[in-house]
Amino acid sequence: MSIYTKARKHLEKVDPVLFEALTKIGDPDLPTKRVPSEYFQALCNEIIAQQLSGKVADVIFGRFLSLFLNQEVTPKAILNLTHDQLRGVGMSNSKASFLHDLAQKVETRQLELEKLSGLTNQEVLTHLTKVKGIGPWTAEMFLMFTLGRSDLFSLGDQGLKNAIKRLYNLETTTPEVLTTISSKWSPYRTYACLILWKSLDNR
């Protein structure tokens, strides 16, 4: 039985509101679990995408990749770029600093990316948030979209808050309310998040 089928059956049983949204918009695309050699570039992408729309983030990330002339994005390559070169592709001053900090921590083995796949969700969050500019949201997106973890909900994601507020006709979305609603989706909370994000695109 595929994860789509399992998740559908679970949501149909525990949450008619979200299941109705799913039947209207169709299955979301599941993230493809990445291999360790792709983790560093994925984290760079997550940092660049912070507080930006998907389209804007994609444009800036494309410019960022062009700095490497079709070569691999490595910590050493980023450390060889100046702050102004990173700023020149359209990222903020703080994000340029965050990328240099990430590269420095990976290059000096303070952050061992290849070990992340063997850690629990909480352990990954603890490790990644030691890097400047990586907070819970960025770490959670990495867990979902790079490590392919299937049971995560991001309390700090504004898109999820907006989708839940609309679907459930809520005036406010406090952490307590969000936790109560999302806890029943376990062990498919990531899949539920994908439905919620897709529902915003299909309004």
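Values as computed for the structure displayed
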| read-out | value |
| --- | --- |
| Helices (runs of 4 or more DSSP H) fully within the stretch 1-52 counting 2 or more residues that are among the charged types (D, E, K, R) | 3-14, 16-25 |
| Leading residue by the ranking (nearest to Leu11 (Cα to Cα)) among those in the stretch 160-196 that are among the aromatic types (Phe, Trp, Tyr) and buried (at least 20 other Cβ atoms within 10 Å of the Cβ) | Trp185 |
| Per-region count, the stretch 181-203, residues of a type in the set (Val, Ile, Thr) and touching a Phe, Trp or Tyr at 6+ places or on another chain (Cβ under 6 Å) | 0 |
| Candidates Arg149, Arg87, filtered to the one that is farther than 27 Å from Ala7 by Cβ and either out of contact with any Lys or Arg (no Cβ under 7 Å at 6 or more places or on another chain) or of a type outside the set (Ser, Thr, Tyr) (or both) | Arg87 |
| Single residue of the stretch 74-98 satisfying the filter (in contact with a Leu (Cβ under 7 Å, 6 or more places away or on another chain) and under 25 Å from Leu111 (Cα atoms)) that is surrounded by the fewest Cβ atoms within 10 Å (Cβ to Cβ) | Gln85 |
| The one condition in (1) at pLDDT 95 or above; (2) of a type in the set (S, T, N, Q); (3) under 15 Å from Gln41 (Cβ atoms) that Asn70 fails to fulfil | (1) |
| Residue within the stretch 177-185 that is touching a residue at least 24 places away in the same chain (Cβ under 8 Å), under 28 Å from Ser2 (Cβ atoms), touching a helix residue (DSSP H, G or I) at 6+ places or on another chain (Cβ under 6 Å) and not in a helix (DSSP H, G or I) present | yes |
| Filter result for the condition that a residue is of a type in the set (A, V, I, L, M, F, W, C), under 17 Å from Phe145 (Cβ atoms), out of contact with any Cys (no Cβ under 9 Å at 6 or more places or on another chain) and surrounded by 14 or more Cβ atoms within 10 Å (Cβ to Cβ), over Ile60, Ile48 | Ile48 |
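The values are calculated or read from the model by the stated rules, or taken from the named source; none is laboratory data. This structure is a prediction, so every number in the text was calculated from the model and none was measured. Glycine gets a Cβ as well: all are built from the backbone with ideal geometry, and neighbour counts include every protein chain shown.
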